[in-house]
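One structure is given below, encoded as structure tokens.
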Amino acid sequence: NDGTATDAARAVAAADAAFARWRDVPQSERSAIMVKAAAAMRARRDELSAIVILESGKTWREADADVAEAIDFCRYYARQYRQMTEKPWHGDVPGETNRLWPEPRGVVAVSKAREETSTDVKWLLEIL
């Protein structure tokens, strides 16, 4: 990857500018976007696997497994988001009420070891 710190700063600034709008998108729509992202990744699975190979030196089998895992993470978190929205009440006990509001946390830039491809996707989805 030939990205620079300046590229990362620009990307973070653009994401930060769009964050309030994204945060206000209904959870069901954010889930639908995750499902569409998984479908787009599945459609380009071979291309994405080739990129992983070029950037990390992994074998085709390892790269393909990483991409497949990333696709699974997108679909999994889309389902989790929907479930949290459908059942927002959690942990009620006598005398108190607890409620979960799934909401994006903010913008982040991550630079990690190249061999952690699918794990990066999972981690990023968790903070979204």
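With all protein chains present, calculate the accessible area of GLU103 using a 1.4 Å probe and round the result to the nearest 10 Å².
120
Once phi is turned into ³J(HN,Hα) by the Karplus curve 6.51 cos²θ - 1.76 cosθ + 1.60 with θ = phi - 60°, what whole-Hz value does each residue of the stretch 69-78 show in order, with x for glycine and proline?
Listing the rounded values in order: 5, 4, 4, 4, 4, 4, 5, 4, 5, 4 Hz.
For labels at ARG23 and ASP7 in the simple 7 Å Cα→Cβ model, what's the distance in nm?
Rounded to a tenth, the inter-label distance reads 2.9 nm.
Quick one: 3J(HN,Hα) in Hz for the stretch 14-27, Karplus 6.51/-1.76/1.60 with θ = phi - 60°, rounded, Gly and Pro as x.
Working through the residues one at a time gives 5, 5, 5, 5, 8, 4, 4, 5, 5, 4, 8, 5, x, 4 Hz.
So, taking all protein chains as they sit and a 1.4 Å probe, how much accessible area belongs to ARG30, in Å² rounded to tens?
10
What are the ³J(HN,Hα) values, in whole Hz, obtained from phi via the Karplus relation 6.51 cos²θ - 1.76 cosθ + 1.60 with θ = phi - 60°, for each residue of the stretch 29-34 in sequence order, with x given for Gly and Pro?
3J(HN,Hα) across the stretch 29-34, in whole Hz: 6, 5, 5, 4, 5, 5.
The values are calculated or read from the model by the stated rules, or taken from the named source; none is laboratory data. These numbers come from a predicted model, not from an experiment. Note that we place each Cβ from the backbone using ideal geometry, even for glycine, and neighbour counts take in every protein chain shown. What goes into the accessible areas is simple: the full protein's heavy atoms, side chains included, and nothing from ligands, DNA or RNA. Shrake-Rupley method; radii C 1.70, N 1.55, O 1.52, S 1.80 Å.
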